[in-house]
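Read-outs: derived from the displayed coordinates by stated rules, not from any lab. In this text the structure is predicted, and so the values were computed from the model without any measurement. Neighbour counts are summed over all protein chains in view; Cβ atoms, including those assigned to glycine, are modelled from backbone coordinates with ideal geometry.
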Amino acid sequence: MISGIYTDYLRRIGITDPGSPSAEGLFALHRAHVERVPFENTDIQLGRPPGIDPELSVRRLAAGRGGYCFHLNGAFAALLEHLGYDVTRHVGGVCEDRDARDVSGDHLTLTVRVDGRAYFVDVGLGDGPHEPLPLLEGGYEQGFRYSLKPLGSTDGPDAGWTFHHEGAPFPVMNFRSAPAAMADFADEHARLSTAPDSPFQQSFVMLRRDTGGIHRLHGRVLVHTAPDGGRDKRVLASAEEFFATMATVFGRELDDLTPADRAALWTRVEKAHEAWLASRPA
């Protein structure tokens, strides 16, 4: 029987009957999640970073919030396990350098074994795959082009995988094959949530993936990237447009944001935008 918080979670992603564990069911859950739950750092920007306990994340997502990888993949792993899937958590790391081989620990990713096959599963990248990928070396086409290849040795402590997304701002995510627990991400979550040099502290970001491409809100700049490489970019003109975009384009409920929260967030977004404009070449 599916318990209350997971029923609410499934309702959030538009799934009424997840069925028994199957590859088809896993793909449907993954698609629904990335289409309806945004990658976002609203609460970090407001100085109240949520914890990464999976039950807390499940409740937050069910209530209409988003999060970053520790929240999104943490909650999704809990949901899948509740539904009977065989899930493994892994320590990963996103990289700007497409040739990077290190695993920084700033990302939680998943593999799932179902119907006799293992799949790479990640609803926490924001601009990642629309569906799971077979955990096999090769190239994959989902509108955007992805690839998987072994990282380092095939066994031992250095065994792992490299996920590559051609053209993404962070094109590489490396992860270790060894299983991980949520406690393994506690220190990095504290750093990402509070350190002044954390990208989540420095700027507001929100992403969502669907069949039409990737929606990205970086401060006041809204960008849609289509699978064919086309880009539509515009600067949001007002606080009203900013919050309307959060709700409509990204599906983020705003009922937890007080008028003071909205004013504080918009002021922070405006200041970051002005600093970005000032840093650009004349």
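Quick one: order GLU274, GLU35 by neighbouring beta-carbon count within 10 Å, fewest to most.
Fewest-to-most ranking of GLU274, GLU35: GLU274, GLU35.
Looking at SER22, ILE214, TRP266, which one has the Cα that reaches farthest to the positive end of the dipole of the chain (charges on Cβ: Lys, Arg +1; Asp, Glu -1)?
TRP266
How far apart, in nanometres, would the label points at THR267 and ASP53 be if each is projected 7 angstrom from Cα along the Cα-to-Cβ direction?
Placing both labels 7 Å beyond Cα along the Cβ direction yields 3.2 nm.
Give me the Kirkwood hydrodynamic radius of the chain in Å, from all C-alpha pairs, to one decimal place? Please list the in-between numbers first.
Values: mean 1/r = 0.0519 Å⁻¹.
With all distinct Cα pairs of the chain included, I get 19.3 Å.
Ranked highest first by average number of other Cβ atoms within 10 Å, how do 162-174, 249-261, 223-235 line up?
Values: 162-174: 18.7, 249-261: 14.2, 223-235: 12.2.
Per-residue mean Cβ counts within 10 Å order the peptides as 162-174, 249-261, 223-235.
At 222 nm, what helix-only mean residue ellipticity would the chain give, in deg cm²/dmol to the nearest 500, using -39500 (n - 2.57) for each DSSP H run of four or more? Walk me through the intermediate numbers first.
Numbers: 9 runs with 94 residues, N = 282.
Rounded to the nearest 500, the figure is -10000 deg cm²/dmol.
What nm value, rounded to one decimal, do you get for the distance between SER279 and ARG98 when each label is placed 7 Å out toward the C-beta?
2.4
Give me the Debye-computed log₁₀ of I(q)/I(0) at q = 0.21 Å⁻¹ for the range 1-128, equal point scatterers on Cα only, no solvent, two decimals.
The computed values of log10 I(q)/I(0) come out as -1.28.
Averaged over all directions, how much area does the convex hull of the C-alpha atoms of the range 196-279 cover when projected, in nm²?
6.4
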